[in-house]
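J.: There's a structure below that I have some questions on.
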Amino acid sequence: MASSLFCPEEDLSCPVCRDIFTDPVLLRCSHSFCKACLQEYWKHKESLECPVCRRRSSKLESPCNLVLKNLCESFLQERGQRASAGSEVLCSLHREKLKLYCLQDKQIVCLVCQNRQHKNHDCRPIDEAAQDHKEELQSALKSLKMKLEVFYEVKKNCDQTAGHIKIQTQHTEWQIKEEFQKLHQFLQEEEEARIAVLREEEKQKSQVMKEEIEGLSTEILTLSHTIRAIEEELRAEDISFLQNYKDTVKRAQSTLPDPQLVSGVLIDLAKHLGNLTFRVWEKMQDVVTYTPVTLDPNTAHPDLILSQDLTSVRWSYEGQQLPDNPVRFDNVGLVLGSEGFNSGTHSWDVEVGDSKCWLLGVLAESVQRKGDIEDGYWGIWLNNGTYIAHSSLEAGTALTVRQNPQRIRVQLDWNRGKLSFSDPDRNAHLHTFTHTFTERVFPYIGTNCTLQSMRILPVKASVTV
């Protein structure tokens, strides 16, 4: 009786599964866990850390906790003896053996109870009622397991996103340093300031992902424990199962909403790299090049390869291992500009060269990035030597182009509702869309050419005071 007198059940329970320890192991931080629970927890973590205090540990430093194991075995043996001593369950009112289950009141009853309190109720044999209810619970259990798989899948994507954030940060930092080296020592303070902003963004967004991953891990542990408890109930004796049935059903009715992919957590590369030299140039009062549109790699289809300065793009059939991202195109080979327009006039030139297939235009901010794009776009398309003006509001119109342009100029007058395309080298107009814009629109570029990049051309700019 020592285990029950001097060691409460909660002191013998694993912090992960909340059950009595099975093969307990001891970490160097002095916390103990079931061996299987610890291995399952570490399976979904990048580092081997304690689930309670987060202190790093090692598989080599997790010996079996023999004292705790002996205490748990004694406790379970004692509890089993108490349970076997009362295995013959009798009706508390009539001291008769419980043989029936009342479907109306959801109670286990004896024959006397049936004839008195449950005379007109539908009563079934215990084994038959238990089997029916187990089948119902199996359906709920299946739903819980499917929900668990969804959580695992979303957590996997979050893990990939967290790793991608670090890669983006490292690569962006290298590019920033590369630019600043060209500006020599007197720009050191500007360089350090921008890296600090990048580091702060990484810290904030990594913290968001860390909290999201920890939340998913907690929900996964909760669901796993619920599933394990229900599976144990399904293996229990019929009487014990039915006695606990109400509570078990409540546990099986999960109210957890399905997890969602986190949006807006990738490093905003365009903020750090877009027009970097131009912003520095404003302080230097010198001549630099300026690109009116900077591409946003977080929106680019995985098969599009962007240049380091985010101004050119080409197609690659090799593909890239990128985390799923709510703003990334997954079916159409497009990439958006990093800034949208909801007023004023804007112009940018795109070098198309000898590319055989490309798309240029603007896209409404509300357009869904997943699947096919059905509405909210205006642009021109070159395919198999044919130039076509296309939009979501009108059928494609073939354009008469006498000589293939090397550059395409896109001019947007948002307030007047005009979007024009022209060949600036020959001063030749190609097409103009007229539309009353009601929301922000973003420039887009698309291509499936592996040999020729599409490049947004820089323009000369000057700072005036």
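J.: What do you reckon, is Val327 β-branched (Val, Ile, Thr), at negative phi, crowded, with 18+ Cβ neighbours inside 10 Å and not in a strand (DSSP E or B)?
T.: no
J.: In addition: Can you tell me which of Arg426, Arg409 is assigned to a strand (DSSP E or B), charged (D, E, K, R) and either surrounded by 14 or more Cβ atoms within 10 Å (Cβ to Cβ) or modelled with pLDDT of 90 or more (or both)?
T.: Result: Arg409 is the single residue among Arg426, Arg409 that is assigned to a strand (DSSP E or B), charged (D, E, K, R) and either surrounded by 14 or more Cβ atoms within 10 Å (Cβ to Cβ) or modelled with pLDDT of 90 or more (or both).
J.: Which one of these is touching a residue at least 12 places away in the same chain (Cβ under 8 Å), over 30 Å from Thr218 (Cα atoms) and open to solvent by less than 50 Å² (accessible area, probe 1.4 Å): Thr294, Thr345, Thr289?
T.: The unique qualifying residue is Thr294.
J.: Do you know which of the residues in the stretch 174-198 that are of a type outside the set (D, E, K, R) and open to solvent by 80 Å² or more (accessible area, probe 1.4 Å) is nearest to Gln308 (Cα to Cα)?
T.: Filtering first and then ranking leaves Trp174.
J.: Let me ask you something else. Starting from residues that are within 26 Å of the chain's Cα centre (by Cα) and of a type in the set (Gly, Ala, Ser), keep the ones in the stretch 348-370 and report whichever is least open to solvent (accessible area, probe 1.4 Å).
T.: Across the stretch 348-370, the extreme among qualifying residues is Ala364.
J.: Quick one: is His435 open to solvent by 20 Å² or more (accessible area, probe 1.4 Å), touching a strand residue (DSSP E or B) at 6+ places or on another chain (Cβ under 6 Å) and not aliphatic (A, V, I, L, M)?
T.: Criteria not met by His435.
J.: Continuing with the same structure: Please specify each residue of the stretch 149-204 satisfying the condition of being farther than 30 Å from Pro257 by Cα and among the aliphatic types (A, V, I, L, M).
T.: Ile167, Ile176, Leu183, Leu187, Ala193, Ile195, Ala196, Val197, Leu198
J.: So Ile388 fits all but one of (1) of a type in the set (A, V, I, L, M, F, W, C); (2) surrounded by fewer than 19 Cβ atoms within 10 Å (Cβ to Cβ); (3) closer than 28 Å to Pro458 by Cβ; what number is the exception?
T.: So Ile388 meets the others, but not (3).
Table: residues versus (1) β-branched (Val, Ile, Thr); (2) modelled with pLDDT under 90; (3) surrounded by 17 or more Cβ atoms within 10 Å (Cβ to Cβ); (4) not in a helix (DSSP H, G or I).
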{"position": "Ile108", "(1), (2), (3), (4)": "yes, yes, yes, yes"}
{"position": "His133", "(1), (2), (3), (4)": "no, yes, yes, no"}
{"position": "Gln160", "(1), (2), (3), (4)": "no, yes, no, no"}
{"position": "Gly163", "(1), (2), (3), (4)": "no, yes, no, no"}
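J.: In the set Ser316, Ser307, Ser254, which member is surrounded by fewer than 17 Cβ atoms within 10 Å (Cβ to Cβ), out of contact with any Asp or Glu (no Cβ under 7 Å at 6 or more places or on another chain) and modelled with pLDDT of 85 or more?
T.: Every option except Ser307 fails the conditions.
J.: Among the residues of the stretch 371-382, is any more than 26 Å from Thr172 (Cα to Cα), of a type in the set (Phe, Trp, Tyr), open to solvent by 50 Å² or more (accessible area, probe 1.4 Å) and not in a loop (DSSP other than H, G, I, E, B)?
T.: Yes, some residue in the stretch 371-382 is more than 26 Å from Thr172 (Cα to Cα), of a type in the set (Phe, Trp, Tyr), open to solvent by 50 Å² or more (accessible area, probe 1.4 Å) and not in a loop (DSSP other than H, G, I, E, B).
The values are calculated or read from the model by the stated rules, or taken from the named source; none is laboratory data. Predicted model only: the values in this text are computed from it and were never measured. All Cβ positions, even for glycine, are placed from backbone atoms using ideal geometry, and neighbour counts span all protein chains on display. Just so you know, the surface numbers come from the protein's heavy atoms only, side chains and all, with ligands and any DNA or RNA stripped out. Shrake-Rupley method; radii C 1.70, N 1.55, O 1.52, S 1.80 Å.
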